[in-house]
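Written below as structure tokens is the structure these notes are about.
Computed from the coordinates by the stated procedures, all read-outs in this text should not be read as laboratory data. The structure presented is a predicted model; accordingly, all values stated were derived computationally and were not measured. Glycine gets a Cβ as well: all are built from the backbone with ideal geometry, and neighbour counts include every protein chain shown.
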Amino acid sequence: MEHAVETKLFEKAREEDYRAYKEDVDIAIGELTKMKLYPVDGTVICDLYAIPSHNSQSYYAIIYEKGGRFDMVYAKPQFYEPITQEYIKMYRFKDAKEVENHPVKAGKIIMGIKHLPDEFVSVISDIVSNMPTVRHKDEGFTLDGYYQAIRTYEGDTVCDELIFENADELVLPDEKKYLIGVLDELYIQIGKLIE
């Protein structure tokens, strides 16, 4: 009976995380739309979202192709903490929006477009072509965890969605197992691209 209660609490926490993710994506798309960066002018390959560990950059990004060129439009939240006098980059979009007009704290969402290097496009193409599946998720606590989501598209329709908090949860064919390490650090690589 105790395990059943723990499982239900775990499932409820996952549902809340998913709702927060969807809300954050809606906020990011709303901000990109205001800046006329969305919808993108090209074929959407995938979109990516991450709430990272430590003070790495949170983001929402759309990778698209037009005329053989691959670009990424992105939004990233930042939250100014007056006590430490630093920008915190790992907060959600919702957190940044909530303090936009705060008298002391400051939140902002920064947006931009990046042309993607060929090596990165190759990695993203490999991920999209070999979308991993998630095996049974560990219900334990993960130190220094992250929350990453990848959605692939056909036209304007999401055709696959992958959400994971630890790349070790992912199942890939033997010849593609190297992607587990790539996915584990994807938020770091994208964070460097959008610095």
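A compact table of results
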{"item": "Value of relative contact order over the chain, rounded to a whole percent, pairs C-alpha under 8 Å and six or more apart", "result": "20"}
{"item": "Long pairs among 22/108; 8/176; 114/176, criterion Cα-Cα beyond 30 Å", "result": "8/176"}
{"item": "Read-out Rg and Dmax of the Cα atoms in Å, derived from the coordinates shown; its label in (1) 19.5, 64; (2) 21.6, 68; (3) 17.3, 58", "result": "(3)"}
{"item": "Pair residue 53, residue 158: separation of 7 Å Cα→Cβ label points (nm)", "result": "2.5"}
{"item": "Size of electric dipole in region 44-195: Cβ of Lys, Arg +1 and of Asp, Glu -1, about Cα centre, debye, nearest 20", "result": "580"}
{"item": "Region 72-118, relative contact order [Cα under 8 Å, separation at least 6], %", "result": "46"}
{"item": "Region 147-173 residues near the modelled residue 185 label - backbone nitrogen below 20 Å, point 7 Å along Cα→Cβ", "result": "147-150, 164-172"}
{"item": "Sequence of 151, 19 once ranked by neighbouring C-beta atoms within 10 Å, starting from the fewest", "result": "19, 151"}
{"item": "Within-14-Å neighbourhood charge of residue 157 [Cβ basis; K, R +1; D, E -1]", "result": "-4"}
